[in-house]
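Okay, structure first, notes after.
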Amino acid sequence: KMTRLAKELNTNETIQAAAPGTTQTITTSGSSAAISNAFGNNKRIARIVATEDCHIAFAASPTATTSNTFLPAKQVEYFKITAGEKVAAIQSSTAGTVYVTEME
């Protein structure tokens, strides 16, 4: 499968683009919770957004703590991911939902 760069319509300049793949969710609470399925092969980026402030951690069997990376509510972030790993989240102060989308 050939990869093609996305181009801006008017200027023909290369733009950053990725296609969304599988989305998993994490319901945050005062305890760490992780996505059910590990990231797949050939996936390099995850788009992550949460409905409430939380903290996230990546590993084969991650446990998130409030010392881990802070993810503010309603702010889309993109992270480099590794096949076979998962992401876990824990609430900052209020329970919410974290949406994790693998990008292609």
ask   = How much of the accessible area of the chain, probe 1.4 Å, is carbon plus sulfur, in whole percent?
value = 46
inquiry  = How much accessible area per residue does the range 34-104 have, counting only protein heavy atoms and a probe of 1.4 Å, in square angstrom?
reply    = 52
task = Report relative contact order for the chain in percent, whole number only (criteria: Cα-Cα under 8 Å, sequence separation at least 6).
result = 39
Candidate aspartates and glutamates - alpha carbon under 14 Å from Lys86, same-chain residues fewer than 8 apart omitted = Glu102
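The values are calculated or read from the model by the stated rules, or taken from the named source; none is laboratory data. Note that the coordinates shown come from a computational prediction; the quantities given were computed from them, not determined experimentally. To get the accessible areas, we keep the full protein, side chains included, count just its heavy atoms, and leave off ligands, DNA and RNA. Shrake-Rupley method; radii C 1.70, N 1.55, O 1.52, S 1.80 Å.
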